[in-house]
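Values in this text are rule-based calculations from the coordinates and carry no lab data. As the structure is a prediction and not an experimental result, all values here were calculated from the model. We place every Cβ from the backbone using ideal geometry, glycine too, and count neighbours over all the protein chains shown.
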Amino acid sequence: MSGNCFPDRVDRYPTRLEKPSAPIPRAEPTVWGGEPDGPLCDADLKTIAANGYLVRPSAVGDNWLSPLRDELNHIGAQADPADPRIIREPGGSIRSVFQPHLFSDVIAEVVTLDSVLPVARQLLGSDVYLHQARINLMPGFTGTGFYWHSDFETWHAEDGMPMMRAVSCSISLTENFAYNGSLMVMPGSHEIFYPCVGTTPPDNHTSSLVKQEIGVPSQATLTEAAARFGIDQVTGPAGTALWFDSNLMHGSGSNITPFPRSNIFLVFNSIENRLVAPFRAETPRPEYLAARDGQPFSTPSLVQ
Ligand code: 6CS
Ligand code: FE
């Protein structure tokens, strides 16, 4: 398929094109709420607005970490081989599990912690719902990474997310060192949308979740972006939350160390940014990858 499936719709961020196209400056704010709207102070809000990401240690207390790790092992052990929500590495080990909050009450509780939901609401300045939730498991020795990408590029093209008004919260369950496949980000890159070359094949998600090949910038684009923004590596102890904007350029290398890396990954979208038909794919991805009828969280925790 080529071109916009819905030519009458305004597509502010055209991507999956036939040939390279110039970068597009971001139109929307990154931070939609202010200091009175949630737990983040003005300095935190300025940091994420400028860099596109914010690291918050101790988002999940130590008492949560071993139950959560147990849940991950439990989900892995119980996994139905036919369940499409379980994504495996080519070698067979589990790479990601989508909708883990439906497998585990403990994981569901994490979503509504004071260090999680109210932050998402503050950043997006509205009620929010879960667009996507997953656990990522990067085992020692054999874990493979994620190539450079902007999440928004996929969510816009394949899921029909209209605007950059979504934020991801990645909570580490193991220590992130510089050497065990921790996330690399290009600080400030969330301000630029880099259109990608190549049309979306049918059922792209059946391969892209193991190895993304469509919707990744060219090497020339990444070279320019890295020269402009630099690369930060996000390290920190288990329990740290990394908040990052939907359009931040990020990726990770493989993990050949013995130290596994696992995290709970929650994507919040504003209820004012609900999905429409995909901008560059014939059919929407399944609900477990991109919620179309996600329920807004109606009982926000009180801000202390
Ligand atoms: O497909 C998704 O929703 C997410 N996963 C990958 C590998 N790339 C785009 C986005 O981050
Ligand atoms: Fe990503």
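Sorting 93, 168 on the 10 Å Cβ count, fewest up front, what's the list?
93, 168
Within 10 Å of each residue's Cβ, count the other Cβ atoms and sort 32, 243 from fewest upward. If you can, show how the numbers build up before the last one.
On the way: 32 18, 243 24.
Neighbour counts put them in this order, fewest first: 32, 243.
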Calculated from backbone phi, Karplus (6.51, -1.76, 1.60) coupling profile of segment 233-247 in Hz, x at Gly/Pro: 10, 9, 10, x, x, 4, x, 6, 9, 10, 9, 9, 5, 4, 9
Just to confirm a number: summing +1 for Lys and Arg and -1 for Asp and Glu over residues other than residue 89 whose beta-carbon lies under 12 angstrom from that of residue 89, what do you get? +3
Rank 80, 245, 203 by mean-square fluctuation in a GNM of the chain with C-alpha springs under 10 angstrom and give only the top-ranked residue. 80
In which sequence would 165, 274 go, from the one with the fewest C-beta neighbours within 10 Å to the one with the most? 274, 165
So residue 28 and residue 66, fully extended at 0.36 nm per residue minus their Cα-Cα distance, gain in nm 9.8 nm
Full extension between residue 73 and residue 235 adds, at 0.36 nm per residue less the Cα distance, a length in nm of 56.0 nm
Out of 51, 247, 269, any idea which swings most in a Gaussian network model of the chain, alpha carbons joined below 10 Å? 51
Where chymotrypsin sites (Phe, Trp or Tyr not before Pro) fall in DSSP loop in segment 66-142, at most 10 other Cβ within 10 Å: none
If you build a Gaussian network model of the chain, linking Cα atoms that sit under 10 Å apart, which residue out of 223, 154, 174 swings the most? 223
Over the chain - Rg/Rh using Cα atoms and the Kirkwood inverse-distance radius: 0.93
